[in-house]
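Contents: one structure, followed by commentary.
The values are calculated or read from the model by the stated rules, or taken from the named source; none is laboratory data. The structure displayed is predicted, hence computed values, not measured ones. Heads up, the Cβs are rebuilt from the backbone with ideal geometry, glycines too, and the neighbour counts pull from every protein chain shown.
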Amino acid sequence: MIGVEAVSIGCPYCGETIEILVDCSVQRQSYIEDCEVCCRPIDLGVAIDENGTPSVTTAREDDA
């Protein structure tokens, strides 16, 4: 069953590890989510593989 999965990522600003929730029913996504530690905007790219496993890339919003 495809659903929501928690993924740990590193903030590209402060370096802290945070957890985000990924909707695994959408194969490719990109969106902005604020770091819960430093509140800076993180540009997220999400891809879901054929097994339903998410892969997340992060970038600083000012790098995009």
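Please enumerate the residues belonging to segment 48-64 that are of a type in the set (G, A, S) and under 19 Å from I18 (Cβ atoms). Once the filter is applied, which keeps residues that are of a type in the set (G, A, S) and under 19 Å from I18 (Cβ atoms), segment 48-64 yields S55, A59, A64. Of the residues making up segment 9-64, just one is free of Cβ contacts under 8 Å to residues at least 12 places away in the same chain and in contact with a Ser or Thr (Cβ under 6 Å, 6 or more places away or on another chain), namely T17. For segment 1-18, taking the residues that are farther than 19 Å from R60 by Cβ and within 13 Å of the chain's Cα centre (by Cα), the one that is surrounded by the most Cβ atoms within 10 Å (Cβ to Cβ) is identified as E5. Quick one: which residue in E50, E5, E33, E19 is outside any strand (DSSP E or B) and not polar (S, T, N, Q)? Answer to the selection: E50. Within segment 30-53, one or more residues are at negative phi, touching a Gly at 6+ places or on another chain (Cβ under 8 Å) and surrounded by 11 or more Cβ atoms within 10 Å (Cβ to Cβ).
The residues of segment 7-64 that are among the small types (G, A, S) and modelled with pLDDT of 95 or more, listed by number, are S8, G10, G15, S30, G45, A47, S55, A59.
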